[in-house]
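Chemist: I am attaching a structure below and will ask some questions about it afterwards.
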Amino acid sequence: MKNATTSDSSKLDRKTIEKNRRIHMKALCFKLVSTIPSKYLKPTKDMLSQQDQLDLAATYIKHLRERIEKLKGEKEQAMNMMRSNQNNNKIFNIGLELPLLNIQYFDSGIEVMLISGLNKNFMLYEVISVLEEEGAEVVSANFSTVADKIVYTLHAQVKISRVGVEPTRVHQRLRELIAPLESWEYIS
């Protein structure tokens, strides 16, 4: 007799435990579905079954994972772009080292890149005059303003190829024109 009561009470305990587990799972499913935004829920007249709710939650979670991956990719791309811009724009982060002069010599031409602050103490026509006096003909001259710096780019060709242009003399004359010798930083 004692065995029958123990067996009945253990069956009741198991039933109660299972009932509590189902109630708990139902509450968890409700909580899970309540976190899904309403725009992702399918408008239906009938109540969704628990399986449909779980499928919907799984679909939403997959959507969020894809979005996270996409955003990570965009973030990485933006970080790479920032790194490359920082490397490319180091010349514009110079500060007190202005003006800068970069002269590149080619077979029959010269490219002069000059970076100065807004408070420059020379005129562009003076730079062009120096190049022409040294035997070069200016083909194009451009400038652009970046933050508080002005970037000049001049392209010149040698007038008489036999005579040519003396690169060190051009560089020295431009340095003297643009700034005192002690303030120069030369880029090669």
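The values are calculated or read from the model by the stated rules, or taken from the named source; none is laboratory data. Bear in mind the structure is a predicted one, so any value in this text is a computation, not a measurement. Neighbour counts are summed over all protein chains in view; Cβ atoms, including those assigned to glycine, are modelled from backbone coordinates with ideal geometry. Side chains included, ligands, DNA and RNA excluded: accessible areas come from the protein's heavy atoms. Shrake-Rupley method; radii C 1.70, N 1.55, O 1.52, S 1.80 Å.
Chemist: So what J values fall out for segment 9-17 if you push phi through Karplus, 6.51 cos²θ - 1.76 cosθ + 1.60 with θ = phi - 60°, rounded to Hz, Gly and Pro as x?
Modeler: 5, 5, 5, 5, 4, 5, 5, 5, 4
Chemist: On a full-extension model of 0.36 nm per residue, what is the gain between D148 and Q50, subtracting their alpha-carbon distance, rounded to one decimal in nm?
Modeler: Taking 0.36 nm per residue and subtracting the Cα distance, the gain is 28.9 nm.
Chemist: Kindly report the accessible area of segment 14-84 per residue (heavy atoms of protein chains, probe 1.4 Å, no ligands, DNA or RNA), in Å².
Modeler: Counting only protein heavy atoms, the per-residue value for segment 14-84 is 93 Å².
Chemist: Which ³J(HN,Hα) values, rounded to whole Hz and listed in residue order, are derived for segment 140-145 from phi using the Karplus coefficients 6.51, -1.76 and 1.60 in 6.51 cos²θ - 1.76 cosθ + 1.60 with θ = phi - 60°, glycine and proline given as x?
Modeler: Computed from phi, the couplings for segment 140-145 are 8, 9, 10, 9, 8, 9 Hz.
Chemist: Between Y105 and K72, what's the calculated FRET efficiency when r is the beta-carbon distance and R0 is 45 Å? Round to 0.05.
Modeler: Computed FRET efficiency for Y105 and K72 comes out at 0.45.
Chemist: Over 30 Å between Cα atoms, which of K72/K149; K31/K62; K39/K75; K31/K70 qualify?
Modeler: K72/K149
Chemist: Suppose R0 equals 45 Å. What FRET efficiency, 1/(1 + (r/R0)^6) with r the Cβ-Cβ distance, do S84 and S34 give to the nearest 0.05?
Modeler: The formula returns an efficiency of 0.50 here.
Chemist: Additional query: Counting only heavy atoms of protein chains, what accessible area per residue, in Å², does segment 100-177 have with a probe of 1.4 Å?
Modeler: 58 Å²
Chemist: Follow-up. Given N residues in segment 14-84, what is Rg(Cα) / (2.2 N^0.38 Å)?
Modeler: The reported ratio for this selection is 1.70.
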